[in-house]
Amino acid sequence: MEDWTAFGRVDSDGTVYVKTAGGERAVGSWQAGAPEEGLAHFARRFDDLVTEVNLVEARLGSGAADAQSALSTIKRIHTSLPDAHVVGDIDGLSARLEKLTGVATQKADESRAARDAARVEAVARKTALVTEAEALGAESTSWKATGDRFKAILDEWKTIRGVDRKTDTELWKRYAAARDAFTRRRGGHFATLDATRKQAQGRKDELVAEAEALADSTEWNATANRLKELMAEWKAAPRAAKDVEQRLWERFRAAQDAFFTRRSETFSARDAEAKATVEKRQAILAEAEALDIDADPKAAQAAMRDLQTRWHDAGRAPRDSGANLDRRWRAVEEKIRAAMDVAWRRPEPSASPLLLQMRDQVAEAEARLDRAKAAGDAKRIREAEQALDGKRQFLALAEGQAR
């Protein structure tokens, strides 16, 4: 497997993009792990397409492939590329498919010409049927289709007239021998298949039992990973008998659905609880920010103690939104501490809470400008510079008045 991840990237919000000559396009979202794992996941999907194309190309080159079937496969893959949820060299694969289309088309035309030529004379037709029968009898493992084909060959054989008795007898003996050889191989195959299916049933019984045992688990991450592993093992295991396979699959899938449905409901409840916590803290923070600290610092401090209790009782907010709320909360606390210092001490004019607050605002504006420059966003840089100039002017005016 080549490293196709160079043809993609994962955005900060988890959106996965693939790079093509026509630009980038989103192919999916990755929230389950590191961005590199997301790229690798979508790259494996692309590698599956490459493997399928390699197989078609090899079979066309060896002559083992049905050209029309190969052409259908090539067209299916080619038409799927513009919307494929993969990461890889889509342009390169598209070029390969265009080339293979010509090869497959040529081989399909040659096949049709050969069939037409085979029907020119009756002897040539029967010889072709015998040759086909011998190949099927020696190699084919498409048991039902080949059995049907032998019947079809016989039906077609009966419609052909004009072959001399000697040649017809010789060709018939070859056909009958090929049919008997296929019948013997088919019988042996199904005897082996029955044994294999019994083994497959035993293995899939084990997978179903483990999946059902995990259905009620609350170890969300570990169980989800194990259930995915079980699914991979299920796909890798041989198939049991059709009716048994379907019955086991329904139980296996039901166990998986039961777990993932409960996990989804649990996560939804957590999200709802987190949202309620954020709303509570936003309301408490609004009360804190509305306190008239400058007018009565002691009263503000007393009110803040009550709000502090409610703040903690509201619970922890999610990290993404909680950080901003905590920062604003600490700002209110700092403002109250500064106001209390002013109330109990005689600070220098330059250390007044207003000047300190204005200096903090200037520092914050400077930091905002630095971030805009680091991002290379011209609009944000211009807005940040304008905001910084205004705050510096107000600070200079306030410092002048304090002196």
State yes or no: is A299 more than 30 Å from A269 (Cβ to Cβ) and either without any contact (Cβ under 8 Å) to a residue 12 or more places away in the chain or aromatic (F, W, Y) (or both)? yes
If you check F182, F259, F267, which single one turns out to be among the aromatic types (F, W, Y) and loosely packed, with under 12 Cβ neighbours inside 10 Å? F267
Given the structure, is D296 at pLDDT below 85 and surrounded by fewer than 17 Cβ atoms within 10 Å (Cβ to Cβ)? yes
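A quick yes/no check of all residues on (1) within 28 Å of the chain's Cα centre (by Cα); (2) crowded, with 16+ Cβ neighbours inside 10 Å; (3) not hydrophobic (A, V, I, L, M, F, W, C):
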{"position": "R197", "(1), (2), (3)": "no, yes, yes"}
{"position": "A200", "(1), (2), (3)": "no, yes, no"}
{"position": "L214", "(1), (2), (3)": "yes, yes, no"}
{"position": "N225", "(1), (2), (3)": "yes, no, yes"}
{"position": "W234", "(1), (2), (3)": "yes, yes, no"}
{"position": "R239", "(1), (2), (3)": "yes, no, yes"}
{"position": "E245", "(1), (2), (3)": "yes, yes, yes"}
Given the criterion out of contact with any helix residue (DSSP H, G or I) (no Cβ under 6 Å at 6 or more places or on another chain) and over 19 Å from H85 (Cβ atoms), identify the matching residue among R44, R59. R59
Out of all the residues in segment 233-252, is one or more at pLDDT below 90, within 30 Å of W329 (Cβ to Cβ) and among the aliphatic types (A, V, I, L, M)? no
Being open to solvent by 70 Å² or more (accessible area, probe 1.4 Å) and under 23 Å from K335 (Cβ atoms) is the filter here, so list the residues in segment 367-390 that pass it. R368
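Yes/no per residue for (1) of a type in the set (S, T, Y); (2) open to solvent by 70 Å² or more (accessible area, probe 1.4 Å); (3) without any contact (Cβ under 8 Å) to a residue 12 or more places away in the chain:
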site: D89; (1), (2), (3): no, no, no
site: E98; (1), (2), (3): no, yes, no
site: A108; (1), (2), (3): no, no, no
site: A122; (1), (2), (3): no, no, no
site: E132; (1), (2), (3): no, no, no
site: G137; (1), (2), (3): no, no, no
site: W143; (1), (2), (3): no, no, no
site: G147; (1), (2), (3): no, no, no
site: A152; (1), (2), (3): no, no, yes
Within segment 1-14, the count of residues that are surrounded by fewer than 19 Cβ atoms within 10 Å (Cβ to Cβ) and in contact (Cβ under 8 Å) with a residue 24 or more places away in the chain comes to 5
Top-ranked residue of segment 60-72 - restricted to ones that are in a helix (DSSP H, G or I) and open to solvent by 30 Å² or more (accessible area, probe 1.4 Å), ranked as nearest to Q106 (Cα to Cα): Q68
Pairs returned, first residue in segment 267-278 that is over 11 Å from G315 (Cβ atoms) and part of a helix (DSSP H, G or I), second residue that is hydrophobic (A, V, I, L, M, F, W, C) and at pLDDT 80 or above, beta-carbon separation under 9 angstrom, 6 or more apart or interchain, are F267/W220
Those residues of segment 15-59 which are without any contact (Cβ under 8 Å) to a residue 40 or more places away in the chain and part of a loop (DSSP other than H, G, I, E, B) amount to G22, W30, Q31, A32, G33, A34
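The values are calculated or read from the model by the stated rules, or taken from the named source; none is laboratory data. It should be emphasised that the depicted structure is a prediction, and the values quoted were computed from it without experimental measurement. Glycine gets a Cβ as well: all are built from the backbone with ideal geometry, and neighbour counts include every protein chain shown. Only protein heavy atoms, including side chains, enter the accessible area calculation; ligands, DNA and RNA are left aside. Shrake-Rupley method; radii C 1.70, N 1.55, O 1.52, S 1.80 Å.
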